[in-house]
1. Look at the range 79-91 and say how many of its residues are farther than 22 Å from Y169 by Cα, modelled with pLDDT of 95 or more, buried (at least 16 other Cβ atoms within 10 Å of the Cβ) and more than 13 Å from the ligand (Cβ to nearest atom).
2. Going residue by residue through the range 301-314, is there one that turns out to be open to solvent by less than 40 Å² (accessible area, probe 1.4 Å), within 16 Å of the ligand (Cβ to nearest atom) and among the acidic types (D, E)?
3. Hey, among the residues in the range 235-246 that are in contact (Cβ under 8 Å) with a residue 40 or more places away in the chain and either more than 13 Å from the ligand (Cβ to nearest atom) or in contact with a strand residue (DSSP E or B) (Cβ under 7 Å, 6 or more places away or on another chain) (or both), which one's most open to solvent (accessible area, probe 1.4 Å)?
4. When you check M237 against the structure, is it modelled with pLDDT of 95 or more and more than 19 Å from the chain's Cα centre (by Cα), yes or no?
5. Would you confirm whether or not the range 81-93 contains a residue that is among the charged types (D, E, K, R), in contact with a His (Cβ under 7 Å, 6 or more places away or on another chain) and closer than 24 Å to L362 by Cβ?
6. Considering only the range 193-203, I want to know if a residue exists there that is at pLDDT 95 or above, touching a Phe, Trp or Tyr at 6+ places or on another chain (Cβ under 7 Å) and within 23 Å of P17 (Cα to Cα).
7. Given the structure, is L182 in contact (Cβ under 8 Å) with a residue 40 or more places away in the chain, assigned to a loop (DSSP other than H, G, I, E, B) and not polar (S, T, N, Q)?
8. Among the residues of the range 20-52, how many are open to solvent by less than 30 Å² (accessible area, probe 1.4 Å) and more than 19 Å from Q181 (Cβ to Cβ)?
Amino acid sequence: EKGGYDSFMEKEINEQPKAVEDTLLGRTDAEGRLTLDELRISPEQLKNTSKIIVLACGTAAYAGTVAKYAIEHWTRIPVEVELAHEFRYRDPIIDASTLVVSISQSGETMDTLMAVRYAKEQGARTLSICNTNGSTIPRESDAVLYLHAGPEIAVASTKAFLAMIAASYLLGLYLAQLRGQLFSGQISDILADLHKIPAKIQTILDSAVDIKSLAQAMAQTPSVLFLGRHVGFPVAMEGALKLKELAYIHAEGFAAGELKHGPIALIEEGQPVFVVVPSPRGRDSLHGKVVSNIQEVRARGAKTITVAEEGDEAVREFSENVFFVPETQPLLMPLLTTVPLQIFACALASEKGYDVDQPRNLAKSVTVE
Ligand code: M6R
């Protein structure tokens with residue numbers, strides 16, 4: 001049932017082209033307009049959303065952070081992302097024009113469920129992005145966007161993460177369509193680029209051998225740092241979480257801009273630092289700033305490992321190892337840059353002889369608060 005792979009985790013990492021494809025499949029009606037799976041709120045109500053609050057935990061919350069960048073950019077609706085377990089305890093400001101978007105693979109995470117219930121009590125509209133059909137959170141929500149990514153067995157989430165990101169893009173585009181925020185031509189251009197993603201993920205998977213051998217060589221490393229910016233920031237956080245969960249290694253993710261505000265003090269000779277590099281075609285001078293960060297940590301002895309867009313030759317000079325991912329729109333990059341980090345964590349944990357499907361102390365679905 002592991003389809004020839006050593007673990008469910010490897011199988012699921014390798015299923016990601018299909019998972020993303022299935023998430024994107026069949027989302028348009030006969031007129032080419034985007035649709036959701038179950039809509040128990042009127043499109044008019046959704047259109048009048050004044051604020052979105054994304055609620056999730058763990059990996060799903062990192063998908064939520066990616067969602068924030070994309071949805072705000074495309075819809076101009078303010079988006080907050082909050083860890084579901086913190087939400088009820090801060091007296092959040094909610095009314096009937098607030099759309100609460102929960103993201104959950106299992107649909108049974110108690111922290112997320114309780115936050116959704118609280119939001120409903122306060123009068124918010126609720127929409128669930130979920131992988132498990134008929135689970136509690138989508139059943140209790142006003143609208144649902146299922147991932148259709150297939151069952152995820154390994155405790156550490158991989159394909160559901162990419163599917164959550166893809167689904168969030170669909171939600172952002174759906175809202176932009178309702179509000180007339182993007183022209184239909186712009187929406188179909190973004191959708192066309194999204195449909196090219198599965199093949200691009202496949203090219204990363206096809207070249208996994210280099211990442212795996214780096215992971216094997218680094219099996220004894222006690223700590224790894226991950227830096228990213230813009231949509232690369234939640235990717236860095238996810239890379240660090242995967243390494244903690246699977247390989248029991250101290251790992252931390254940072255927004256690269258925070259480096260000089262503290263974390264740079266951690267850098268000493270030989271400290272491995274992964275850097276998720278933004279597209280050189282992206283906004284403003286972000287790429288240049290991250291390249292400077294790579295130089296700064298390298299000058300202090302860090303072993304720099306970069307994940308960058310194909311053709312980004314500027315990073316090569318400052319990277320001990322560089323993994324290139326195919327080009328796409330800057331906002332869509334997490335669907336690609338995450339993959340080398342997943343392969344790295346999985347290979348390193350396997351090298352250490354750990355059970356990557358059942359990491360210690362963790363459960364697939366956390367049904368207690
Ligand atoms: O089922 P959910 O997506 O609601 O689960 C949320 C988190 O518990 C989950 O993502 C967790 O962080 C995983 N262990 C990540 O690999």
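1. Count: 1.
2. No, the range 301-314 has no match at all.
3. Among residues in the range 235-246 that are in contact (Cβ under 8 Å) with a residue 40 or more places away in the chain and either more than 13 Å from the ligand (Cβ to nearest atom) or in contact with a strand residue (DSSP E or B) (Cβ under 7 Å, 6 or more places away or on another chain) (or both), the one most open to solvent (accessible area, probe 1.4 Å) is M237.
4. So M237 fails the test.
5. No, that holds for no residue.
6. Yes, some residue in the range 193-203 is at pLDDT 95 or above, touching a Phe, Trp or Tyr at 6+ places or on another chain (Cβ under 7 Å) and within 23 Å of P17 (Cα to Cα).
7. Criteria met by L182.
8. Summing the residues that are open to solvent by less than 30 Å² (accessible area, probe 1.4 Å) and more than 19 Å from Q181 (Cβ to Cβ) in the range 20-52 gives 3.
The values are calculated or read from the model by the stated rules, or taken from the named source; none is laboratory data. The shown structure was predicted, so the numbers you read here are calculated from the model rather than taken from an experiment. When we count neighbours, we look across all protein chains shown, and the Cβ atoms used for this are built from the backbone with ideal geometry, even at glycine. Side chains are part of the model used for accessible areas, which takes the heavy atoms of the whole protein and leaves out ligands, DNA and RNA. Shrake-Rupley method; radii C 1.70, N 1.55, O 1.52, S 1.80 Å.
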